[in-house]
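J.: Take this structure, written in structure tokens, and hold onto it; I'll ask about it next.
The values are calculated or read from the model by the stated rules, or taken from the named source; none is laboratory data. Being a predicted model, the structure only gives us computed values, none of them experimental. Note: ideal-geometry Cβ built from the backbone for every residue, glycine included; neighbour counts use all protein chains shown.
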Amino acid sequence: MNKNVKGLIMQLQHFSVNDGEGIRTTIFMAGCPLRCKWCCNPESWFMETNKYVKEMSIEEIIKEINRYTIFYRYSKGGLTYSGGEPTFQTNFLRNMVNAFYNYGIHQSIETSGYFNWSDVEDIFQKLDFIFVDIKHFDSNKHRELAGVSNERILDNIKSIGKLNKEVVIRIPFIKDVNDSEQNITNTAKFVYDNVPKGKIELLPYHSLGNYKYDELGIGEYKSTFITPSREDLKRAKDIINSYNVETIEFK
Ligand code: SF4
């Protein structure tokens, strides 16, 4: 582990309660190989320092995190790596995970699942909790919506399932995009078959990040999808539960 390794960070968000158990610090890391049409963190697409992205060393991050460890301890919280796609800066992530593993801090990751498993398996072995997305079960639709097909993601989720860790599969839930009975059924069956402790969380679409597109000069990529209703969510949850997969909500 090398504390001098530097990487690009969008934000260290303290007292985060939406990204896992307890009080957490979410480390938003720059870089992402996907281009989801609903992305609310488009600043992660730029691997350069700017208004949203700064360079930090692991030593600097440790110093800042150390001020909050008491909150993690009493709330059973910890750290969550998010982005962007945190594995995009593989070596930076590895060094951070190794450092905080040695400090005994609970570590989660929010990932798109798009990486080479052999490059990151050692990192996942040291994580405690994994959030991974299935944005659409149909590979062509996935490519259309996120810029890449989903085969590698599904294969990686099978490998993650074998680690026997706590796993939540997240579906960014968007009306008329991925809310069909067939898509939800296929996703639930896949999770049941491949992720022994897997639960599913539906994340309803929102457009709160749209202002960033204008600020970044890429306003033409702003999304205009429809937020699902409570009834839409309930219908999808009922389908998931009918395949013996639990649903969960951290929001
Ligand atoms: S994977 Fe996440 S950060 Fe990357 S484009 Fe999709 S929504 Fe944005």
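J.: Being modelled with pLDDT of 95 or more, more than 29 Å from Asn156 (Cβ to Cβ) and among the basic types (Lys, Arg) narrows it down to one of Arg230, Arg235, so name that one.
T.: Working: Arg235 fails: more than 29 Å from Asn156 (Cβ to Cβ).
Of the residues listed, the single one that is modelled with pLDDT of 95 or more, more than 29 Å from Asn156 (Cβ to Cβ) and among the basic types (Lys, Arg) is Arg230.
J.: While we're on this one: For the range 138-153, give me each residue that is in a loop (DSSP other than H, G, I, E, B), within 16 Å of the ligand (Cβ to nearest atom) and in contact (Cβ under 8 Å) with a residue 24 or more places away in the chain.
T.: First, the residues of the range 138-153 that are in a loop (DSSP other than H, G, I, E, B): 138, 147-150.
In the following step, the residues that additionally are within 16 Å of the ligand (Cβ to nearest atom) were identified as 147-150.
Residues satisfying the conditions are Gly147, Val148.
J.: Another question, then. Does Phe100 count as within 23 Å of Gly22 (Cα to Cα), of a type outside the set (Val, Ile, Thr) and without any contact (Cβ under 8 Å) to a residue 60 or more places away in the chain? Even if it seems obvious, please write down each step before you answer.
T.: Values: within 23 Å of Gly22 (Cα to Cα): yes; of a type outside the set (Val, Ile, Thr): yes; without any contact (Cβ under 8 Å) to a residue 60 or more places away in the chain: yes.
Yes.
J.: Shifting gears a bit: Consider only pairs whose beta carbons are under 9 Å apart and that are at least six residues apart or on different chains; among these, list those whose first residue lies in the range 43-69 and is over 27 Å from Pro33 (Cα atoms) and in contact (Cβ under 8 Å) with a residue 24 or more places away in the chain and whose second residue is outside any loop (DSSP other than H, G, I, E, B) and within 16 Å of the ligand (Cβ to nearest atom).
T.: Filtered contacts from the range 43-69: Ile65/Ile27.
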